[in-house]
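Student: A single structure is presented below for examination.
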Amino acid sequence: MAEELLRVEGLCAGYGASQVLEHLSFSMNHESVTIVGRNGMGKTTLCNTLMGLLKSSAGEVTFAAARIEGVYTAQITRRGIAFIPQGRRLFPSLSVS
């Protein structure tokens, strides 16, 4: 079995008293993954937590065999993780014709 590229174990995160992620665990190798769900289900919270933009309250995140929870966002990006949120009109002065 190939070594896991990303492993999330018991991840908890939220905003103040609002716990959004409760003991989330999953792993993935080099496949593409899509996170889907209704509004308010924790997709953005998960991505923000993985990127170090939001501090987790519990759990471990391992990327390429190195723990990354508590690591600065810039360092996480340099290691190879990027978060590109869905957004429109990133470059409003440009158009596609």
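Read-outs throughout are calculated quantities, based only on the coordinates presented, and are distinct from any laboratory measurement. Fair warning: this is a prediction, and the values are worked out from it, not measured in the lab. Cβ placement follows ideal geometry from the backbone for every residue including glycine, while neighbour counts extend to all protein chains displayed.
Student: Condition check: in a loop (DSSP other than H, G, I, E, B) and out of contact with any Phe, Trp or Tyr (no Cβ under 6 Å at 6 or more places or on another chain). Does Glu31 satisfy that?
Tutor: yes
Student: Turning to a different aspect of this structure: (1) part of a strand (DSSP E or B); (2) over 18 Å from Ile76 (Cβ atoms): which one isn't true of Asn39, the others all being true?
Tutor: (1)
Student: Same structure, new question: Of everything in region 1-36 that's of a type in the set (Asp, Glu) and surrounded by 12 or more Cβ atoms within 10 Å (Cβ to Cβ), which residue is farthest from Ala74 (Cα to Cα)?
Tutor: Residue satisfying both the conditions and the ranking: Glu22.
Student: Sticking with this structure for a sec: In region 64-85, what residues are without any contact (Cβ under 8 Å) to a residue 24 or more places away in the chain and in contact with a Leu (Cβ under 7 Å, 6 or more places away or on another chain)?
Tutor: Thr73
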